[in-house]
Amino acid sequence: MKVGIIGGGAAGLMAAATITETHPEIEVFLIERNPELGKKVVISGGGRCNVTTGLRDMKTLFTKYPRGSKFLSSAFYGFPPEAVFEWFETHGVPLKIEDDGRVFPVSDNGNDVVRAFENLFEKHAVHILLSHTAKLVEKNTDGFIVHCTGHSPLVVDKLIITTGGQAYRHTGSTGDGYGFAEALGHTVTPLAASLSSFISRDTWIKELAGVSWGYAGLSTDRAATPPIAGPFLFTHSGITGPVVFAFSALAAFEPATPKTPLTIFINLFPDNTHVQIETQIRAACTLHAKKSIENIIAGFVPKSLAKNICGMAEIDAELHGGDMSKKQIERIAQTLQHIPIHAIGRGAGDEFVTAGGVELSEVNPSRMESKISPGLFFAGEILNVDGFTGGFNLQASWATGRLAGLSIAE
Ligand SMILES: Cc1cc2nc3c(=O)[nH]c(=O)nc-3n(C[C@H](O)[C@H](O)[C@H](O)COP(=O)(O)OP(=O)(O)OC[C@H]3O[C@@H](n4cnc5c(N)ncnc54)[C@H](O)[C@@H]3O)c2cc1C
């Protein structure tokens, strides 16, 4: 049997490895447009490659996927994070779990992750077609024909499409697979950037560039997006950081344009009630009755932010603590827990993953096989599956790639 795999990223590598290890008699052709394998894997996690997560509880694990968690069930029970961990360790990549639960190679080098596959493919003689771009995919009675640059049409019995999403396009993931899926009868859902920063129209943000905050809540009045909390950072043009990425995933399909800005509310004290904050401000105003309110607030938040808090609460920053009225203290407390940011765009090209993809109801979740075109399989980010930061996207790619490989080899 001949199997074609289009895309030598995380999912394609794992699918090829699985087939060749379980059924070495199957001829595997791995087609990759880049001159090297796993370009995105290598740069992931800032070059350290956050391979998977240290999370072991499946229920919690599924909460890390804004889209596709139910679909991932079979793939994850078959190849959970601990199995991924073990797989890499037994293939010569020792891993470590960091305090925040992220898993990295001990070497902190993403190249080692890809090298594990290269070593395996050398041993098993997988046909690696580097610098070959798939242009067209057809199905006939015998199987699939892949037309790619620099090669005569490749005829295979089964085909796995693992071309990824369309984030960080310069890594080769340009979204070609969506067209291949459609050509073979599949539906592709609307696509959107996920795990991105936001650009804000609020000019005051510029003054705060570089100011970070360890734990803030983000919410919006658009009902579809639940509130979420974590670290964030002001940039010269907006906001970024782990909680912003997570929020962007939840709000991936919410418009954020100059015409329809997305109002994001920042709560600097998400673990405190409004009354608690008010009480603390009142106590500080009493204690520092002769200090300006700006300086008093600077005891709670960075100084550059304190001035803006006064502005947003419409209170003279020079007003003394002892002169603050009950209403004014209330307004300060309210602002600290409800700073509005008007997002008019997402950081262009800086998103980590694509939300949306091949419609999941058209793919068998226990095999990763198309329900429309038998013999066709999908794995990885091309599917309408995406996770938060923390190793969850690679985990999904390894697990679905493995399941596609096992199903093909059956
Ligand atoms: C900067 C960055 C950092 C990230 N860090 C992490 C992290 O630390 N942990 C984590 O879990 N996730 C991370 N992600 C997300 C994760 O890397 C992806 O979700 C994952 O790589 C997707 O795997 P995939 O195999 O589906 O697709 P990809 O890894 O994108 O691979 C697709 C491959 O297909 C090839 N291809 C596409 N079209 C064609 C064609 N027509 N012909 C031939 N080849 C083609 C591409 O060149 C590419 O190599 C990060 C993403 C980015 C952009």
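Since every read-out is calculated from the coordinates, none of them should be taken as a lab result. These figures come from a predicted structure and were not determined experimentally. Methodologically, a virtual Cβ is constructed for each residue, glycine included, from the backbone with ideal geometry; neighbour enumeration extends over all protein chains shown.
Some notes on this structure:
- Cα convex hull volume per residue for region 196-350 (Å³): 104 Å³
- Taking 4 °C and 1.567 mPa s as conditions, region 181-282 diffuses translationally at an estimated 85 µm²/s according to Stokes-Einstein applied to its Kirkwood radius (Cα pairs).
- Under 5 Å between amide hydrogens, built in the peptide plane, is the criterion, and for Glu254 it picks out nothing among residues at least 5 positions away or on other chains.
- Thr52 long-range amide H proximity, modeled H, under 5 Å: Val103
- Relative contact order for the chain: 25 percent, from Cα pairs under 8 Å spaced at least 6 residues apart, divided by residue count.
- GNM top mover of Arg282, Arg102, Arg367 - the chain, alpha-carbon springs below 10 Å: Arg282
- Spin-label pair Asp108/His338, simplified geometry with 7 Å Cα→Cβ offset, distance in nm: 4.4 nm
- Amide proton proximity set for Ile228, modelled H, under 5 Å, gap of 5+: Leu218
- Between Glu89 and Lys326, residue separation times 0.36 nm minus the direct Cα-Cα distance comes to 79.2 nm.
- Sequence of Glu318, Glu89 once ranked by neighbouring C-beta atoms within 10 Å, starting from the fewest: Glu318, Glu89
- Pairs over the 25 Å Cα-Cα cut-off, from the set Lys2/Lys64; Lys290/Lys326; Lys206/Lys307; Lys206/Lys327; Lys96/Lys123: Lys2/Lys64; Lys206/Lys327; Lys96/Lys123.
- Pairs of alpha carbons in the chain whose separation is greater than 35 Å (percent): 36 percent
- HN-Hα J in Hz across region 230-245 - Karplus 6.51, -1.76, 1.60, θ = phi - 60°, x for Gly and Pro: x, x, 8, 9, 7, 10, 5, 10, x, 10, 8, x, x, 6, 5, 4
- Karplus-derived 3J(HN,Hα), 6.51/-1.76/1.60, for each residue of region 252-259, Hz, glycine and proline x: 4, 9, 7, x, 9, 10, x, 6
- Gain upon complete extension [His23, Leu287; 0.36 nm per residue less C-alpha separation]: 87.6 nm
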